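One structure is given below, encoded as structure tokens.
The values are calculated or read from the model by the stated rules, or taken from the named source; none is laboratory data. Quick caveat: nothing in here was measured; it's all calculated off a predicted structure. Cβ coordinates were reconstructed from backbone atoms using ideal geometry, including for glycine residues, and neighbour counts include every protein chain displayed.
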Amino acid sequence: MNSPSNKPADSWSHLLHLLPILVALILGILVGVFYGEAMWKASGGPTKQQATLEKAVAASTAQGLKLDGDPKAAWEVSHASLVNKLQKTNDIVQLVQKEPPSSIAGASFRLIKFLGDLFLQMLKLLVLPLVVTSMIAGIGGLGDIRGIGRLGRTTMAYFLVTTIIAVVIGTVLVVTISPGSRVHGIIEMPDERVERRSTTDPIDTILELVVGSSKDPGSGMIPSNLFQAANATNVLGLIVFSLVLGGALTTLGERGRQVIEFFATLTDAILQIVRLVMIVAPVGIFAIVAYNIAVRGGGEAFWTQAQQLGWYVATISIGLISQFLILLLILRGVGRSPMEFVLGAGRPLLTAFSTASSSATLPLSIQSMEDENGISKQSANFVLPLGATVNMNGTALYEAVAAVFIAQLHGISLDPGQLIVVVITATLAAVGAAGIPEAGLVTLVMVVTAVGLPASGIGAILAVDWFLDRLRTTINVFGDMVGCAVTDRLVPPEHRGGKNHG
Ligand code: ASP
């Protein structure tokens, strides 16, 4: 059923599959926007926000003592906004103490958190076994290790070209629109993840990508301990190992073929589980979306933050839409109907939007590409797991926009040489970001520090990052799926192992 000549399902059947998830997503947004604030108050959100803001005010006060002249004037504006926000939060805390919110709101919050976590955990549970089995089966299925050449080269070339297009679009847009010079009084919130990363040298960050951190034997592309890599969900480390193991199996003749067959069967079994999980996807997606809006204070709170950073949000959104259109053109170029392909990819795309995680979406991407879009097993098994960790078009674009935006906020205009540094480091930062929520925010430290900006500047974009993360993850996942269509078209079946497996 998964041969390259698979006939994709038609638009109507795609739409029918998609409808429940689409409805769930819209309902989730509505509940989050209109009932989110009540749930946030009932779940102790204001007190948590108060504590975070108190810490931020203390840090900002200490920073202000060290400043003078122009930087001091800019600091005063941002500090005043911070103090103002703390005051408003204090008022809400008092109000909540006087008039405790209804217990229904509290119970609803717990319920959506529970349902969302359950769905997410089901997906995450499937990621590791699926990555390992599908990679071994995919590479083993190439029949001969030399077969990896054409498929590997085409995939890597596609990843590189689309990532660079994304970074260039982001850089051109942010320089042209200049969102950083249009906004004022932005609060720079401290963030532990960013602070931790800011002490690492950018070169060390790149080297760590390969060998991992000396403190964590499970990290890096070549981890020293496979089980710890699995424990840390180091997908890239597991992919590299599975690639090599799959390749080695192809050299063992009949004995190796039997093991490859075993992994191919296991992959199919896990995909069957994915199809079962899909049944509860609408409930899960509804809950995740409603929870994520509620936990940040509901619709009004989001609107206030989005308005403040409106130009920045708009720049990234325009960039992501442009990248989406380019991916559609690529689809056209390889003879696919963009409309049908997007509808067939609808479930993983909406899941990526809800979960903000390429890795968590991976099981659905593989299943949808094979079942809905008639992508060959070999392309799906090879391109998607790799793409979920190294090919991030949306993240690459975001890294470039965010870094230049932060420079603009600090009144610094980057020269062409520095912009080239942004393009290069943003590409690396996207490759280095794991397929988990807000991973790009942490690797952004590398881009920001490479052009001499303070990592603390990232604090200015924190408020909207959870939302932009969803948008960029959707494009990340779409980029990977388009990659499958490209390899299916450009790599003849015999070079994908089409004759040997699948
Ligand atoms: N959340 C993104 C992903 O999983 C990575 C990022 O933070 O940009 O693809």
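Observations
- Those helices (runs of 4 or more DSSP H) of region 345-463 in which at least 2 residues are β-branched (Val, Ile, Thr), touching a residue at least 12 places away in the same chain (Cβ under 8 Å) and farther than 29 Å from residue 222 by Cβ, considering only elements entirely within it, cover 393-409.
- Residues in region 449-477 that are more than 16 Å from the ligand (Cβ to nearest atom) and within 20 Å of the chain's Cα centre (by Cα) were compared, and the one that is nearest to residue 304 (Cα to Cα) is 460.
- Candidates in region 438-465 are the residues that are at pLDDT below 90 and of a type in the set (Gly, Ala, Ser); of these, the one that is farthest from residue 404 (Cα to Cα) is 463.
- Scanning region 137-194 for residues that are within 17 Å of residue 317 (Cβ to Cβ) and among the charged types (D, E, K, R) yields a count of 1.
- Residue match in region 20-40 (condition: outside any loop (DSSP other than H, G, I, E, B) and over 30 Å from residue 356 (Cα atoms)): no
Quick grid of which residues meet (1) farther than 27 Å from residue 119 by Cβ; (2) among the polar types (S, T, N, Q); (3) more than 18 Å from the chain's Cα centre (by Cα):
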position: 271; (1), (2), (3): no, no, yes
position: 320; (1), (2), (3): no, no, no
position: 336; (1), (2), (3): yes, no, yes
position: 342; (1), (2), (3): no, no, yes
position: 345; (1), (2), (3): no, no, no
position: 350; (1), (2), (3): no, no, no
position: 362; (1), (2), (3): no, no, no
position: 384; (1), (2), (3): no, no, no
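- If you go through region 62-96 and keep only what is of a type in the set (S, T, N, Q) and exposed (fewer than 13 other Cβ atoms within 10 Å of the Cβ), you end up with 84, 87, 94.
- Residue in region 107-128 that is charged (D, E, K, R) and surrounded by 16 or more Cβ atoms within 10 Å (Cβ to Cβ) present: yes
- Lone qualifier among 240, 235 - being in contact with a Ser or Thr (Cβ under 6 Å, 6 or more places away or on another chain) and surrounded by 15 or more Cβ atoms within 10 Å (Cβ to Cβ): 235
- One residue alone among 244, 210, 240 is among the aliphatic types (A, V, I, L, M) and either under 30 Å from residue 401 (Cα atoms) or part of a loop (DSSP other than H, G, I, E, B) (or both), and that residue is 210.
- Selection status of residue 489, near the ligand (Cβ under 10 Å from one of its atoms), farther than 19 Å from residue 192 by Cβ and either of a type in the set (Lys, Arg) or more than 17 Å from the chain's Cα centre (by Cα) (or both): no
- Of the residues examined, residue 401 is one that is at pLDDT 95 or above, touching a Ser or Thr at 6+ places or on another chain (Cβ under 7 Å) and within 13 Å of the ligand (Cβ to nearest atom).
- Cross-chain or 6+ apart pairs with Cβ under 6 Å, region 4-20 first and at negative phi, then assigned to a loop (DSSP other than H, G, I, E, B) and modelled with pLDDT under 70: 4/498
- In region 287-344, of all residues being among the basic types (Lys, Arg) and out of contact with any Pro (no Cβ under 7 Å at 6 or more places or on another chain), the one that is surrounded by the most Cβ atoms within 10 Å (Cβ to Cβ) corresponds to 336.
- Residue 134 falls short on exactly one of the conditions (1) over 25 Å from the mean Cα position of the chain (by Cα); (2) polar (S, T, N, Q); (3) surrounded by 23 or more Cβ atoms within 10 Å (Cβ to Cβ), and that condition is (1).
- Any hit, region 283-303, residues being farther than 23 Å from residue 363 by Cα and without any contact (Cβ under 8 Å) to a residue 60 or more places away in the chain: yes
- Any hit, region 345-366, residues being surrounded by fewer than 22 Cβ atoms within 10 Å (Cβ to Cβ) and away from the ligand (no atom under 16 Å from the Cβ): yes
- So residue 30, is it without any contact (Cβ under 8 Å) to a residue 60 or more places away in the chain, surrounded by 13 or more Cβ atoms within 10 Å (Cβ to Cβ) and more than 28 Å from residue 191 (Cβ to Cβ): yes
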